[in-house]
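The structure is given below, and queries will be raised subsequently.
The values are calculated or read from the model by the stated rules, or taken from the named source; none is laboratory data. Note that the structure is predicted; figures quoted are calculated from it, not measured. Cβ atoms come from the backbone with ideal geometry, glycine included; neighbour counts cover every protein chain shown. For the accessible areas, the whole protein counts, side chains as well, though only heavy atoms, and no ligand, DNA or RNA atoms are used. Shrake-Rupley method; radii C 1.70, N 1.55, O 1.52, S 1.80 Å.
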Amino acid sequence: MKFDFPKKIRSGYLAAFILLLLCYFLSLSSFIQLRTQNKWVGHTREVINKLAILNSDLKDAEISWNEFLLKKQKNYLQDYKESRELVDSVFRVLSKSVSDNPEEESRLESMHDIIVRRYKILDEELGILNRNNFQINDSIRASELRNNKLIDSIGQVSDSITVTENRLLNLRTQRVIYYSKIVFWIIIGAGLVSGLLIIYSLVTFNIESQAKKKATIQAESYHDQLEKRVRELASANRELLELRSLERFTSMGRVARVIAHEIRNPLTNIDLSASHLENDNLDGEDKKLFLDIIARNSRRINELINELLSATKFTDLQYEEIRADVLLDESLNEAFDRAQLNRVHIEKNYSKERIWLNVDRSRMKIALLNIIVNAMEAITGENGHLTVETSGSGEFCIIIIRDNGKGMDEETVAKVFDPYYTSKTNGNGLGMTNSQNIILNHKGKIDVSSEEGKGTAFIITLNILRKETGQSV
């Protein structure tokens with residue numbers, strides 16, 4: 001299985017980043033909630049404390065009043081008035097503290113009304129005492145009874161507010177604990193994610209390091225193999241160049257031997273005739289005979305040289321437009337008598353497209369005719385078959401001339417286009433060389449494929465001038 005480590009590493013870091021970002025937002029949200037709940041807890045505690053102070057101040061005021069009634073001393077009356085002022089101050093603060101809770105605010109207003117009524121009764125009692133020279137009568141006693149009832153009512157309202165605030169305090173404390181736990185576990189989770197990210201980073205770094213080390217080793221191995229292959233190719237190229245030089249030398253030697261053989265006979269005839277001409281006793285007829293021999297053999301030597309030059313040099317071409325099927329038909333017509341004589345059946349498989357070529361008509365016919373004649377001469381027996389095919393492949397026209405003759409071995413295939421190389425007893429070995437020279441002169445190429453006992457195929461590739469749709473005829 002092949003793993004894409006860079007992609008997995010990117011995915012891992014992205015997932016870790018998203019988890020850390022999520023932990024951050026959760027921590028921030030939980031911290032805000034925790035801070036809010038802490039604020040509300042502090043607020044509730046403040047309300048409870050202020051309420052306790054209010055109750056304490058009320059009790060102090062009550063105690064100072066009772067001491068004043070019992071001892072008739074005005075200093076206790078002063079303590080009463082101070083306690084009353086403290087009660088009013090605390091009540092104003094407490095009113096602001098519960099302004100966010102309509103229910104508590106209503107209860108506190110009710111408590112305030114009761115306190116106001118109580119202080120009104122105490123003021124009335126103080127007036128009666130001042131008129132009666134601080135003597136307690138039935139009116140004072142009746143007022144005290146009403147005052148005690150109001151104190152009980154204040155206590156009940158205060159207890160109700162205290163119970164409510166304690167319940168809120170418990171609820172808000174539980175919320176603080178809840179959000180504290182969330183923040184704690186988020187911090188733990190962030191720590192775990194960070195730890196996993198560190199472990200993941202170490203693991204991926206190790207994997208990358210090993211992969212990089214392995215890739216480096218493999219690259220060095222490939223580099224060594226490449227250098228080895230380069231050295232082997234350089235050595236093989238040197239051997240190939242040496243082999244080609246040897247083949248060229250061998251080919252030149254074979255050509256030299258053939259030329260020497262072909263030219264030696266005419267030269268021998270010329271030499272013998274010249275020797276006879278040195279005889280002064282020759283009559284006119286004999287001299288004419290020897291001179292004719294010299295002239296005829298000189299022309300033969302000149303013909304041999306011209307044939308060799310024609311087969312191995314590029315010549316100026318007279319280009320004209322001609323369809324490939326027409327060119328092949330004209331070449332086959334010139335070999336028609338030979339086909340009938342050798343009882344060779346010709347099969348034409350031309351392309352459905354009309355393929356136009358720009359070639360030297362006469363020179364290309366010579367090249368094709370040499371190949372066709374060689375193919376016919378290679379066919380033995382009564383079931384001779386010659387197939388001529390054309391096809392278009394992109395910008396090239398492919399011509400295949402295939403026979404079912406005796407075929408050629410690898411050595412013959414390798415030398416088939418060499419000058420003066422022939423396997424025929426009456427051949428000069430220049431026909432295929434001339435055909436290759438003409439095709440190369442047209443910027444084409446010719447290949448040969450052959451197998452002994454199965455036949456030979458010559459594949460000619462030429463540039464296409466244009467194509468036309470329609471069946472070739």
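Could I have the simple spin-label model distance between Glu103 and Asn383, label points 7 Å from Cα toward Cβ, reported in nm to one decimal?
Simple spin-label model gives 11.5 nm for this pair.
I would also like to ask the following. Could you work out how much longer the chain between Ile187 and Leu145 gets when fully extended? Use 0.36 nm per residue separation minus the Cα distance between them, nm to one decimal. Can you show the working numbers first?
Values: separation 42, 0.36 × 42 = 15.12 nm, distance 6.16 nm.
Going from the current span to full extension adds 9.0 nm.
Would you please give the FRET efficiency between Gln174 and Ile217, computed as 1/(1 + (r/R0)^6) with r the Cβ-Cβ distance and R0 = 51 Å, to the nearest 0.05?
0.20
Further question: Could you pull out every one of the aspartates and glutamates with an alpha carbon less than 18 Å from that of Lys214, ignoring same-chain neighbours closer than 8 positions?
Counting by Cα, and skipping residues close in sequence, Lys214 has these aspartates and glutamates nearby: Asp4, Asp224.
Which FRET efficiency value, to the nearest 0.05, is calculated for Ile301 and Asp329 with the Förster distance at 30 angstrom and r the Cβ-Cβ distance? Walk me through the intermediate numbers first.
Details: r = 38 Å, r/R0 = 1.27.
So the FRET efficiency works out to roughly 0.20.
Using a Förster radius of 25 Å, what is the FRET efficiency between Ser56 and Ile121 based on their Cβ-Cβ separation? Nearest 0.05, please.
Values: r = 21 Å, r/R0 = 0.83.
In this case the efficiency is close to 0.75.
Note down the nm distance, to one decimal, between modelled labels 7 Å out along Cα→Cβ at Asn237 and at Asp292.
6.2 nm
Going through the cross-link list Lys228/Lys415; Lys59/Lys120; Lys228/Lys445; Lys406/Lys443; Lys406/Lys467, which pairs have a Cα-Cα distance over 27 Å in this structure? Don't skip to the end; give the middle numbers.
Working: Lys228/Lys415 33 Å; Lys59/Lys120 17 Å; Lys228/Lys445 34 Å; Lys406/Lys443 30 Å; Lys406/Lys467 36 Å.
Over 27 Å Cα-Cα: Lys228/Lys415; Lys228/Lys445; Lys406/Lys443; Lys406/Lys467.
Among Cys397, Cys23, what's the order by accessible area (1.4 angstrom probe), most exposed first? Intermediate values should be presented prior to the final figure.
Numbers: Cys397 0, Cys23 25 Å².
The most accessible residue leads, giving Cys23, Cys397.
Tabulate in residue order the Karplus-calculated ³J(HN,Hα) for the stretch 47-53, using 6.51 cos²θ - 1.76 cosθ + 1.60 with θ = phi - 60°, rounded to whole Hz; enter x for Gly and Pro.
Listing the rounded values in order: 4, 4, 5, 4, 5, 5, 5 Hz.
Please give me the summed charge of the neighbours of Glu468: other residues whose Cβ is under 9 Å from its Cβ, Lys and Arg +1, Asp and Glu -1.
Values: positive: Arg323, Arg354, Arg466, Lys467; negative: Glu353.
Result for the local shell: +3.
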